[in-house]
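Notes for the one structure printed next.
The values are calculated or read from the model by the stated rules, or taken from the named source; none is laboratory data. Treat the numbers as computed from the prediction; the structure is a model and nothing was measured. Backbone-built Cβ (ideal geometry, glycine too); neighbour counts: all protein chains shown.
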Amino acid sequence: MHQARWMAKILYSLKIWMLRDQLHDLTKWEEKCARDVALSAATVYMKPWFTTSLAAAAPRTDLDLLQKLRTYPDPQIAKVSSAKLQKHLWYLSEELVGFAFFDEEVPPETKRAMVQAMREEENSNDDGIHIHTTWYIQTCYQKCIGKRPKSRRGFVSTETLDKIKESRAARLAGNQDQHRALSRQTRTRLGRDKERYVRSLAEDVEGHLNANDLRPTYRALKKLRFESPSRARAIRAADGRVVSEMDGQMALWAEYFGQLFTVDPPIGQLYTTGLQTS
């Protein structure tokens, strides 16, 4: 669907450039943009577009297109087009790249090198499936929610961590209403914890200043100057311990996504009124 919209924009740009004499309200800048897009489509996109139906040539075609876009003379078009194309390369895998064996335009030397690489991988002692699964889960959550910090400031109360745990359990169980209600309570509690934390630091600063104690004052001011952590950064393990290290958080998120992959989908929440079976 994204590719269809992307190509539709290119086709619209081509039509605008072809009918530019009839578009009297077209500015010079808009005409230049339409011309640049039309040139890039004619010189870069046309051949890959007409070969999209060839499944065996898909890996080579996409990689060749990516190389052409990176070396395109217009840096702005090259940057935007390359970023757009990279979002669609998620489908590439070992099995799909194997289509290149049936691509007539791939040189025999390249195919022999692919066979040699497959044999070396087969003789390896590493568990490729386990490594790929672990890498996929851990990199998937990083792309979805971003990386977690190595440390977290301890302003979150135990009651708030309990609410976060209950909200996560409700989400895994498929209870959306309870999950939304607990999420609202969690946001309220986190706001109160943050306000209490900042107020305590301010009182510490005031007390140290009155006592002319500069070193603790500096440390308290340094804590106040830093941005407070996001309300999504409170991570608590199943045994009740709070995990702040990066490695521990990654392991917990990998375990959490593993549970999401194995949990049964919610049932009984679909509205079937008006549906009839033939």
Considering only residues that are exposed (fewer than 14 other Cβ atoms within 10 Å of the Cβ) and more than 17 Å from residue 71 (Cα to Cα), which ones fall in segment 32-48? 32
Helices (runs of 4 or more DSSP H) wholly in segment 20-80 with at least 3 residues that are among the small types (Gly, Ala, Ser) - which ones? 28-40
Just wondering, is there one or more residues in segment 131-149 that are modelled with pLDDT under 70, among the basic types (Lys, Arg) and assigned to a helix (DSSP H, G or I)? yes
